[in-house]
Amino acid sequence: MSDFSVTEALTSILAQMERSAIEAVPLHDSLGRVLAEDVSANRNHPPYDVSAMDGYAVTFANIELATPDSPVSLNVVDDIRAGQIPQISIGQGEAARIMTGAPTPAGIDTVIRVEDTALSGDVVSILAAPKQGANIRPMGENLKTGHVVLTKGTLITPGVLAILAMVKQKQVPVFARPSVAILSTGDELEAIDDPIDENKIPNANSHALYAQCKALGIEATLLGIAKDETEDLRAKLAEGLNYDVLLASGGVSVGHHDFVRPILDELGITFHFWRIAMRPGHPLAFGTTESGTAVFGLPGNPVASMVCFEQFVGPALRSAMGHDKLFLRTVQARLQHDVKGAGSRTLFIRVTLESDDEGYFVSLTGAQGSGVLMSMALAEGLMIVPADSGTLKAGHMVTVQLLQGMDCQSEADL
Ligand code: AMP
Ligand code: MG
């Protein structure tokens, strides 16, 4: 089988991912989850025309000529507070004092903000005329009864959660999160709880993958480290097949002790591909079981493992969770230096992003070897150098994927 392109691999993976079941969770627990059904408004909001200001409800025709030098005087005949239904209609030469959010009374069409008035006893002087209809929020401006206000597939952010609260959705239908197991493989690996052995390599991948899942709202299960020997690998990989998604890192290359693929084969996995024309991340096996477990054999190199997660595992998990947006957001940014492509492979270069008058520009996060984890730790984005693009010149615009959580900046920019 020849190497899959990044796009072919993604298409193949997404075609296999099954949507998780729907479950109902309490409103507060729905934050970060994905809505599994359309939600319609069960009421109008506001429920009637309301004042947008503290001020005076008036008839525009009465006050349209008002200025500070020739104010218009009106008798204040009512005082309407938020939550109160006005009992009287406002007539010629009259006004009602009104609070923000209070329903407007019959007979008026405009609200004058209190700053443009002067009160003396029961008479208010209107000092300025706004436009007719000013400062009134029409009924249903925010939510209209029966209208779909949120669609299935929406990620529940604090703003979305506020809408759910307004339509009194105490229980929210969301897609279940897939169960994910993580296994690292390699005789050289040292677990985080092991004492330091200078001859060993600390296990980074299990924790990086755990964190990447967590950033998607998934609490993954760590299955520890398997030795590069068939018994241990078989047992731990088999355990991983009890989950919806198994992420195994390391042991998928063509080395003499790379047993992951043959054992997965033995365990009945159907492989859809096992190499991708990309760097980092060339060896990546993807397969499925009959019972629907998706298995990713990720490369052992920590950077490669993390980049492959962002390209393939993240979209697959979002798809299972019913997201309508599967992929990392991208921006266009300018290269400051020439960058050499990787021939027929798509290159993912770890970068930071800054902006000037001409938009974003990228800086590389130091050495880009796939074992140089610091390049990933410092990265705000992954810059894409497409396959067969030769050398990209300084000034060239490139696509940069923004890494999860990179949504704050050091200056306020207001
Ligand atoms: P492999 O894909 O098993 O050939 O591993 C490639 C490289 O990644 C080797 O240098 C491994 O030591 C390293 N590696 C594999 N798994 C891990 C891990 N869990 N944490 C850190 N480094 C790893
Ligand atoms: Mg290995």
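The values are calculated or read from the model by the stated rules, or taken from the named source; none is laboratory data. Model, not experiment: these values are computed from the prediction. With ideal geometry, Cβ positions are generated from the backbone for all residues, glycine too; neighbour counts draw on all protein chains shown. With ligands, DNA and RNA removed, areas are computed over all heavy atoms of the protein, side chains included. Shrake-Rupley method; radii C 1.70, N 1.55, O 1.52, S 1.80 Å.
Within the accessible surface of the chain, defined with a 1.4 Å probe on protein heavy atoms only, the carbon and sulfur portion equals 51 percent. Simple spin-label estimate for Ser179 and Ala15 gives 2.9 nm between the two label positions (7 Å along the Cα-to-Cβ direction from each Cα).
Using C-alpha pairs under 8 Å with a sequence gap of at least 6, the mean separation divided by the residue count of the stretch 330-413 gives a relative contact order of 42 percent. What is the pair-distance distribution P(r) of the stretch 50-137, computed from all Cα-Cα distances in 10 Å bins starting at 0, with each bin given as a whole percent? Reading the bins upward from 0: 21, 60, 18, 1.
If the Kirkwood radius is taken over C-alpha pairs of the stretch 96-160, then at 37 °C and 0.692 mPa s the Stokes-Einstein diffusion coefficient equals 216 µm²/s.
Using the Cβ of Leu403 as centre and a radius below 12 Å, the other residues enclosed give a net charge of -1, where K and R count +1 and D and E count -1. Taking every alpha-carbon pair within the stretch 20-171, the share separated by more than 28 Å comes to 38 percent. Annotation: for a label point projected 7 angstrom from Cα along Cα→Cβ of Thr67, residues of the stretch 121-144 with backbone N closer than 20 Å are 125-132. With R₀ fixed at 30 Å, the C-beta to C-beta distance from Met397 to Asn142 puts the FRET efficiency at about 0.15. DSSP beta bridges fully contained in the stretch 50-137 are about 80 percent antiparallel.
In this rough spin-label picture, where each label sits 7 Å from Cα along the Cβ direction, the Val331-Phe60 distance is 4.2 nm.
Fully extending the segment from Asp265 to Leu241 would add 7.4 nm, taking 0.36 nm per residue of separation and subtracting the current Cα-Cα distance.
Between beta-carbons, use under 10 Å as the cut-off and find the net charge around Ser179, counting Lys and Arg +1, Asp and Glu -1.
Overall, the nearby charge balance is -1.
With Cα atoms defining each centre, the stretch 339-409 and the stretch 20-39 are spaced 35 Å apart in the structure. The Cα center of the stretch 121-195 and the Cα center of the stretch 234-311 differ in position by 36 Å. Here the Gaussian network model covers the chain, with springs between Cα atoms less than 10 Å apart; of Ser253, Ser291, Ser344, Ser291 fluctuates the most.
Springs between Cα atoms under 10 Å define the GNM used for the chain, and in it the highest mean-square fluctuation of Gln132, Gln336, Gln404 occurs at Gln132. For the stretch 217-289, what class follows from the C-alpha gyration tensor (a ≥ b ≥ c being the square roots of its eigenvalues): rounded when a/c is under 1.5, otherwise prolate if a/b is larger than b/c, else oblate? It comes out rounded by the Cα gyration axes. Note on the chain: with a GNM built from Cα contacts shorter than 10 Å, the maximum mean-square fluctuation among Asp69, Asp258, Asp324 falls on Asp69.
Positive-end ranking of Pro26, Phe60, Gly268 along the dipole of the chain, with charges on Cβ about the Cα centre, is headed by Phe60.
Note on Lys168: lysines with a C-alpha under 30 Å away, same-chain residues under 8 apart excluded, are Lys144, Lys152, Lys214, Lys325.
Taking each pair of different alpha-carbon atoms in the stretch 330-413 once, compute 1/r for the pair, average those values, and report the inverse of that mean as the Kirkwood hydrodynamic radius in Å to one decimal. Show your work: numbers first, answer last.
Numbers: mean 1/r = 0.0761 Å⁻¹.
That comes to 13.1 Å for the stretch 330-413.
Multiply the residue separation of Glu198 and Ile22 by 0.36 nm, subtract the distance between their alpha-carbon atoms, and state the gained length in nm to one decimal.
58.6 nm
Dipole size of the stretch 274-414 about its Cα centre, with +1 on Lys/Arg Cβ and -1 on Asp/Glu Cβ: approximately 640 debye, rounded to the nearest 20. Measuring only protein heavy atoms, the 1.4 Å probe finds Glu231 accessible over about 120 Å². Heavy-atom accessible area, probed at 1.4 angstrom with all protein chains present, ranks Tyr56, Tyr360 as Tyr360, Tyr56, highest first.
Over all other residues within a Cβ to Cβ distance under 11 Å of Ile349, the charged ones net out to +3, with Lys and Arg as +1 and Asp and Glu as -1. Pairs of Cα atoms in the chain fall into 20 Å distance bins, from 0 up to the last occupied one, in shares of 22, 37, 23, 15, 3 percent.
Once C-alpha pairs closer than 8 Å and six or more residues apart are averaged by separation and normalised to the residue number of the chain, the relative contact order reads 16 percent.
Taking a ≥ b ≥ c as the square roots of the eigenvalues of the alpha-carbon gyration tensor, the stretch 291-359 is classed oblate because a/c is 1.5 or more while a/b is no larger than b/c. Amide H to amide H distances under 5 Å link Met278 with Thr346, where only residues 5 or more positions off or on other chains count and H is placed in the peptide plane. Spin-label model, Gln409/Ala128: points 7 Å from Cα along the beta carbon direction are separated by 3.3 nm. Rounded to the nearest 5, the antiparallel percentage of DSSP beta bridges internal to the chain is 70%. Take the chain with all the other protein chains still there, run a 1.4 Å probe, and you get 49 Å² of accessible area per residue. For the stretch 114-208, the square roots a ≥ b ≥ c of the C-alpha gyration tensor eigenvalues yield an a/c of 1.5 or more together with a/b exceeding b/c, which makes the shape prolate.
Subtracting the Cα-Cα distance of His256 and Thr157 from 0.36 nm times their residue separation leaves 30.9 nm of extension gain.
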